[in-house]
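Take a look at the structure below.
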Amino acid sequence: MDMIKAGGLGLVAVLLALQLKEIKSSYAVYLILGAGLVLSCWIVGRMGVIVGMLEKIESYVPIDTSYLAVILKMLGITFLADLCAALCKDGGYGSVAGQIQMFAKLTILSMSMPILLALVETIGDLV
């Protein structure tokens, strides 16, 4: 049901923005930005479900909590970068959007290196 609400909000915002674009294009950008922020708030609310599931996985398997924190940070970076890049593309600044996406990818790669190193060490201990 929430997906229907989110999709409906997005479609209504886009249709209204198309109408406003002919009158004053800056209003259309503000409308899309507002709709994006409302949808982002809904997404952040869903993050609680993901955190709960990760905690449940942690109770079954002994996992270092720092790894789960890194995974959540990566998820947040991905979400934020995607939102910012989409808004930049909507505003007509595709090159800035590409730079945001590249920076996010490199940030996630640098954050994942300790996890990759721990995995390699674990595999080395098993062999």
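The values are calculated or read from the model by the stated rules, or taken from the named source; none is laboratory data. Keep in mind that this is a model prediction, so the values were computed, not measured. Cβ: placed from backbone, ideal geometry, glycine included. Neighbour counts: every protein chain shown.
Being touching an Asp or Glu at 6+ places or on another chain (Cβ under 7 Å) and touching a residue at least 12 places away in the same chain (Cβ under 8 Å) is true for just one of Leu68, Leu75, Leu33, Leu83. Which residue is that?
Exactly one residue qualifies, and that residue is Leu68.
Can you tell me which residues in the range 56-101 are within 30 Å of Lys21 (Cα to Cα) and hydrophobic (A, V, I, L, M, F, W, C)?
If the condition is that a residue be within 30 Å of Lys21 (Cα to Cα) and hydrophobic (A, V, I, L, M, F, W, C), then Phe79, Leu80, Ala81, Leu83, Cys84, Ala85, Ala86, Leu87, Cys88, Val96, Ala97, Ile100 are the ones that fit.
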Within the range 1-17, count every residue that is loosely packed, with under 11 Cβ neighbours inside 10 Å and at pLDDT 85 or above. 3
Read through the list (1) part of a helix (DSSP H, G or I); (2) surrounded by fewer than 13 Cβ atoms within 10 Å (Cβ to Cβ), then give the number of the only condition that Val96 fails. (2)
Kindly indicate whether Val38 is modelled with pLDDT under 85 and either within 14 Å of Asp90 (Cβ to Cβ) or surrounded by 10 or more Cβ atoms within 10 Å (Cβ to Cβ) (or both). no
Looking at (1) part of a helix (DSSP H, G or I); (2) closer than 30 Å to Leu119 by Cα, which is the only condition Ile63 fails? (1)
Of the candidates Ile108, Ile32, Ile71, the one satisfying the condition of being surrounded by 14 or more Cβ atoms within 10 Å (Cβ to Cβ) and modelled with pLDDT of 90 or more is Ile108
